[in-house]
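**Student:** One structure follows; several queries about it will come next.
The values are calculated or read from the model by the stated rules, or taken from the named source; none is laboratory data. Small disclaimer: the values here were computed from a predicted structure and weren't measured. Please note: Cβ atoms are built from the backbone with ideal geometry, for glycine as well, and neighbour counts cover all protein chains shown.
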Amino acid sequence: MQSLLALPDGLALSHAILLVISAGFTSALTAGLGIGGGVLLLGIMAFLVPPAALIPLHGVVQIGSNVGRTWIMREHIRPVIVWPFAVGALAGAFAGGSVARELPAHLLNLALALFILYAVWGKWPTLKGKTQQAGLWGGGISISFISMFVGATGPLVAALMKTQTLDRQQHMATFSACMSLQHGLKIIAFGFFGFAFGTWMPLLLAMIASGLIGTWLGERWLAGRSEDGFQQGLNWLLTAMAVHLLWQALA
């Protein structure tokens, strides 16, 4: 019992409680608005956990909330989108792991910001048939490549989902399935390179449980929102994230 309540060295109980609450709130935000929770949680965790542990721990919590969200909303998943993305994700994760630490962070942030802004406000071509498949493969490769050295690629996956014809619940369910794949690959990679997840496991389990509760509450909220309100909220939230990335890149 004592081992289940143990905290990693240097982590205060108040910080652990804040992390658990944040996991639930950000999962509700993602389930309700379609995006934003993962990035917000990453920002909160950056103040509370060691830098070397930030990305692997964030990946574990996010796969917990995304798998739960995927299961809860499984009836709305579009497999025709998920499978091509999954094929690309495998290739992208393999390639990203080999060159992750060689790319300048400011150039990456700049590219991310421009991509998100165009995805929200630009005019995307209609993807159908073979073109749609190629776009999903390419998205899976490039975004999963980036996910190996950037903690939260949710805005990119959300932007890719916007190129498809999806209602708000199909968007959220399919988005969650794709994010589950990405975070799963990330966890495998960090484990392969020797990150010690064991000392953090009690806290991670508590955060995952909180995230599942937040997902359930957020999904209830999502079901009662209008289609126009969902799309408008998603567009402005993505834009705010892109502006923040631009600021980081230029600074």
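**Student:** Can you name every residue in the range 12-32 that is under 19 Å from residue 183 (Cβ atoms) and at pLDDT below 85?
**Tutor:** Within the range 12-32, 26, 27, 28, 29, 30, 31 qualify.
**Student:** Here's a follow-up. Quick test of your reading of the structure: residue 184 fulfils all but one of (1) at pLDDT 80 or above; (2) surrounded by fewer than 21 Cβ atoms within 10 Å (Cβ to Cβ); (3) more than 13 Å from the chain's Cα centre (by Cα). Name the failing condition by number.
**Tutor:** (3)
**Student:** Here is a follow-up. Looking at (1) at pLDDT below 85; (2) under 27 Å from residue 110 (Cα atoms); (3) surrounded by 15 or more Cβ atoms within 10 Å (Cβ to Cβ), which is the one condition that is false for residue 222?
**Tutor:** (2)
**Student:** Follow-up question, since we're still on this one. Would you point out which residue out of 129, 151 is modelled with pLDDT under 80, surrounded by fewer than 23 Cβ atoms within 10 Å (Cβ to Cβ) and within 13 Å of the chain's Cα centre (by Cα)?
**Tutor:** It is 151.
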